[in-house]
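Everything below concerns the one structure shown next.
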Amino acid sequence: MNNILLKMVFKVDKRTVERVVSYLCGEDTLPIVEYLKGKENISEFKIAEDLKIDMNLLRNQLYRLQKQNLLYFRRKKDKKKGWYIYYWTLNLSEIPFLLKKIKEDELRRLKSRLERERSNRFYVCKNRCMRLSFEQAMDFNFICPECGSIMNEEDNSKIIEELEMKIKKLEEEIKKIDEKYFLNKKIKNKK
């Protein structure tokens, strides 16, 4: 069983693919993803030619996609020239895992920010030039370093409320991702 690589196939909509790829690899990689859909072992020279992309730029984009396991390659040595030619294949089976990872990272950041908001007092001036912690505001004698106005303690209860709502929404999104891509697969694989 250890030597067998199980490849799970997920049906992921185009919009989700575009969002994940753009977030992790940059929007400039989307034409490559679109081009490679349904194709296998396509030479980097053919990709560059068909998409009219400079080879160095293309390789940069291919490596960004490969770093996220969205592409894999096979290389062959050119017998005439002696160098290696890389043949690329798209791997969209990683999208659900990457989507979940993105959401979980965002959830961790929001929870960290919520903790910061709950455990600190913040100060702002009437113009809201800057938002400083108690220690920072004290360093400036509670005078805004931008406009010179007096800084007062900010009521951050709305910020905390918004963060709590965002966290709840993200937790629900992660649960839906699990239900859509992972929980059903586990049940099917056990049978």
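In the range 2-94, what chymotrypsin sites (Phe, Trp or Tyr not before Pro) fall in a loop by DSSP, with at most 10 other Cβ atoms inside 10 Å?
Passing both the DSSP loop test and the Cβ count: Trp83.
Only loop residues by DSSP count here, and only those with at most 14 other Cβ atoms within 10 Å; note down the trypsin sites (Lys or Arg not before Pro) in the range 66-138 that meet that.
For trypsin sites (Lys or Arg not before Pro) across the range 66-138 that sit outside H, G, I, E and B with at most 14 neighbouring Cβ atoms in 10 Å, the list reads Lys79, Lys80, Lys81, Arg121, Lys126, Arg128.
Of (1) 16.7, 53; (2) 18.3, 65; (3) 24.4, 75, which is the value of Rg and Dmax of the Cα atoms in Å derived from the coordinates here?
Computed from the coordinates, Rg and Dmax of the Cα atoms in Å corresponds to (3).
Show me the helices of the chain, taken as full DSSP H stretches, that run 20 Å or more along their long axis by Cα and average 0.0 or above in Kyte-Doolittle hydropathy.
none
Over 24 Å between Cα atoms: which of Lys14/Lys168; Lys39/Lys81; Lys37/Lys169; Lys100/Lys169 fall into that group? Provide the component values of the computation, followed by the final result.
Numbers: Lys14/Lys168 26 Å; Lys39/Lys81 26 Å; Lys37/Lys169 32 Å; Lys100/Lys169 14 Å.
Violating the 24 Å limit, Cα to Cα: Lys14/Lys168; Lys39/Lys81; Lys37/Lys169.
Using the Kirkwood formula over every pair of different C-alpha atoms, what hydrodynamic radius in Å results for the range 14-90?
12.7
Can you work out the PRE-style zone for Ile167? Point 7 Å along Cα to Cβ, and I want the residues of the range 90-128 with backbone N under 15 Å.
Within reach of a label on Ile167: 104-120.
Give the aspartates and glutamates whose C-alpha is closer than 15 Å to that of Lys77, dropping any in the same chain fewer than 8 places away, or say none.
In chain and number order, the partners are Glu44.
Counting other Cβ atoms within 10 Å, keep those with at most 10, restrict to DSSP loop, and tell me which chymotrypsin sites (Phe, Trp or Tyr not before Pro) in the range 95-149 are left.
Numbers: sites: Phe97, Phe122, Tyr123, Phe134, Phe140, Phe142; in loops: Phe140, Phe142.
Of the chymotrypsin sites (Phe, Trp or Tyr not before Pro), not one in the loops of the range 95-149 has a Cβ with at most 10 other Cβ atoms within 10 Å.
Quick note: the coordinates plus some simple rules give every number you see, no bench work behind them. Predicted, not measured: the structure shown is a model, and the values here were computed from it. Backbone-built Cβ (ideal geometry, glycine too); neighbour counts: all protein chains shown.
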